1. Working out 0.36 nm times the residue gap between Val78 and Val36, then minus their Cα-Cα distance, what length gain in nm do you get to one decimal?
2. Each label point is 7 Å from the Cα along the Cα-to-Cβ direction; what then is the distance between the points at Leu70 and Ile10, in nm?
Amino acid sequence: MLLQILPVAIAITVNPVPIIAALIMPATRWPARNGVTYVAVLVGVMAVFGALVLLLLHDATFTPGGRADLVIRIAWLVVGLGFLAACAVMVIRKPTPSGRGREPRWMRMIAAMGPAGAAAVGVLLVNYEMETPALMDILGAGVPASEAFAALTLFIAVACSIPVAL
């Protein structure tokens, strides 16, 4: 099972989106506080999402196309729809072009971002799309709950290693 989930964890590790977010944190007014907040929320959300899936579906018979598989895919769809809605809001509220020599609005927003903004970035940039297949592999392995949670912990540790290091 670990050999199945480690490639996905490594793929998340080199995913540029969380790395870019980690690199943005030093550009804020409170780099240390925002960086710690971002990483804590990133790891926490991955842990909570994974733990909920494992707790709710661990005893379900997991087969591709089965009930547990369907529940995970529906949750995955709901998360995707949430991000689509967030994208629509961002397009609608697109900032106006700034004058020549002025810093763009989005850069001013990054500089002014506080811990709440860093937490929001942590929630939004969890790679649910790649965590879900790893959770499906863990559930499909049919291991005891303790081993499933140990695999989830290892997965999160590997998946978040680069943003944590940055």
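Laboratory data are not the source of any read-out in this text; all were calculated from the coordinates shown. Everything numeric here is computed off the predicted structure, so don't read it as measured data. Every residue, glycine as well, gets a Cβ built from its backbone with ideal geometry; the counts of neighbours run over all protein chains shown.
1. Values: separation 42, 0.36 × 42 = 15.12 nm, distance 2.80 nm.
Extra length from Val78 to Val36 when fully extended: 12.3 nm.
2. 3.6
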